1. Suppose we filter 95, 106 for residues that are within 25 Å of residue 14 (Cα to Cα), acidic (Asp, Glu) and in contact (Cβ under 8 Å) with a residue 24 or more places away in the chain; which single one remains?
2. Just to be sure I understand the filter: pairs with C-beta atoms under 7 Å, separated by 6 or more residues or on different chains, first member in the stretch 46-63 and surrounded by 13 or more Cβ atoms within 10 Å (Cβ to Cβ), second member part of a helix (DSSP H, G or I) and aromatic (Phe, Trp, Tyr). Which pairs pass?
3. Go through the stretch 122-143 and count every residue that is more than 13 Å from the chain's Cα centre (by Cα) and closer than 17 Å to residue 22 by Cβ.
4. Assuming residue 175 fulfils every condition listed in (1) out of contact with any helix residue (DSSP H, G or I) (no Cβ under 8 Å at 6 or more places or on another chain); (2) within 23 Å of residue 49 (Cα to Cα); (3) part of a strand (DSSP E or B) apart from one, which condition is it?
5. Of the conditions (1) part of a loop (DSSP other than H, G, I, E, B); (2) under 28 Å from residue 4 (Cα atoms); (3) touching a Phe, Trp or Tyr at 6+ places or on another chain (Cβ under 7 Å), residue 139 satisfies every one except a single condition; which number is it?
6. In the stretch 166-176, what residues are touching a residue at least 24 places away in the same chain (Cβ under 8 Å) and either loosely packed, with under 14 Cβ neighbours inside 10 Å or under 16 Å from the mean Cα position of the chain (by Cα) (or both)?
7. Got a sec? Which of 30, 8, 45, 19 is at pLDDT 95 or above and farther than 27 Å from residue 124 by Cα?
8. With 13, 31 as the choices, which residue is over 10 Å from residue 104 (Cα atoms), surrounded by fewer than 21 Cβ atoms within 10 Å (Cβ to Cβ), touching a residue at least 40 places away in the same chain (Cβ under 8 Å) and not aromatic (Phe, Trp, Tyr)?
Amino acid sequence: MTEIILNAKQFQDKVSKLAKEIFENNKNVADLAIVGIQNKGVFLAKRIIFEIAKLANIKESQIPFGTLDITLYRDDLENFDSKMHTIKDTEIPFDMSRKNIVLIDDVLYTGRTVRAALDVLMSFGRPKSISLAVLVDRGFRELPIEPNYVGVKYESQKFIKVSCKESDEVDEVKIEI
């Protein structure tokens, strides 16, 4: 059985909320860069960029965008089955040194994915600042990592599945109950 946490409209409303909050805290968009964590964080990051560009009355291409794959930086690879995860692109095609980076992911739970993402990101240079935006905050952290921007807080130790129309043909967030 599953329970819908966010339907398609609520999903988009939360993406818009995140974009608005990020824009409000980064009025100087020239200093802003958005980096999505593979896989769903990339889709969300692109949508957030679209929304921020509308708010700032600029072209989407004016907001630097990057992607991170944290697979090889995970501290729990031994917990997965023997087949190797598909490695996705990591691309940071801009100079981070004077940028306020907003790292985007779909779900925050233990904090280990974000810790790995910070390791990857720092290997590209030292940004001015890094903040974190997530669509869903599950709570139950194992590391002292907290998001700056949250679409919805839904504390649960059960698996939360985020579906994006870019990969799953539907926008929704659901939990296995």
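The values are calculated or read from the model by the stated rules, or taken from the named source; none is laboratory data. Keep in mind it's a predicted model, so treat the numbers as computed, not measured. Cβ placement follows ideal geometry from the backbone for every residue including glycine, while neighbour counts extend to all protein chains displayed.
1. Working: 95 fails: within 25 Å of residue 14 (Cα to Cα).
Result of the check over 95, 106: 106.
2. As it stands, the answer is 52/23; 55/23; 56/23; 60/50, since those pairs meet every condition given.
3. Taking the stretch 122-143 and keeping what is more than 13 Å from the chain's Cα centre (by Cα), we get 122-129, 138-143.
Remaining after also requiring closer than 17 Å to residue 22 by Cβ: 127-129.
Here the count works out to 3.
4. Of everything listed in (1) out of contact with any helix residue (DSSP H, G or I) (no Cβ under 8 Å at 6 or more places or on another chain); (2) within 23 Å of residue 49 (Cα to Cα); (3) part of a strand (DSSP E or B), residue 175 misses just condition (2).
5. Residue 139 satisfies every listed condition except (3).
6. Taking the stretch 166-176 and keeping what is touching a residue at least 24 places away in the same chain (Cβ under 8 Å), we get 166-167, 170-176.
Scanning the stretch 166-176 gives 166, 167, 170, 171, 172, 173, 176.
7. Details: 30 fails: farther than 27 Å from residue 124 by Cα; 45 fails: farther than 27 Å from residue 124 by Cα; 19 fails: farther than 27 Å from residue 124 by Cα.
Sole residue among the options that is at pLDDT 95 or above and farther than 27 Å from residue 124 by Cα: 8.
8. On the way: 13 fails: touching a residue at least 40 places away in the same chain (Cβ under 8 Å).
Among 13, 31, only 31 is over 10 Å from residue 104 (Cα atoms), surrounded by fewer than 21 Cβ atoms within 10 Å (Cβ to Cβ), touching a residue at least 40 places away in the same chain (Cβ under 8 Å) and not aromatic (Phe, Trp, Tyr).
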